[in-house]
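Structure first, then comments.
Values in this text are rule-based calculations from the coordinates and carry no lab data. In this text the structure is predicted, and so the values were computed from the model without any measurement. All Cβ positions, even for glycine, are placed from backbone atoms using ideal geometry, and neighbour counts span all protein chains on display.
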Amino acid sequence: MKRRQAVHEDELLAELERGQEIVRLRQEKEDLLDTVWFATSGAQIKELWSKVA
C-alpha cells in the first residue's frame, strides 16, 4: 500500500515544476545515502560492489 502511495505521490508531483524538483531531490538523497554507505564500507564490500556494477 505504501509503495503504491509513493508512486502515486511522485506522479502527482511530476505534474508541477516544483514537484519535479522535489522528486529529483528525493532521488538525490537516496543516491547520497548509497554513496556514503559505500564509502564507509569495508574493502570486501567495495570489491563485491565493483563486480556487481
Inset, instruction - Could you please rank ASP10, ASP31, placing first whichever residue has the fewest other Cβ atoms within 10 Å of its Cβ? - result: ASP31, ASP10
Inset, instruction - May I ask you to list the lysines whose Cα is less than 28 Å away from that of LYS2, ignoring any residue fewer than eight positions away on the same chain? - result: LYS29
Inset, instruction - Rounded to the nearest 500, what is the 222 nm mean residue ellipticity of the chain from helices alone, with -39500 (n - 2.57) per DSSP H run of 4+ residues and division by all residues? - result: -29500 deg cm²/dmol
Legend entry - Loop-located trypsin sites (Lys or Arg not before Pro) in the chain whose Cβ has at most 13 other Cβ within 10 Å (DSSP): none
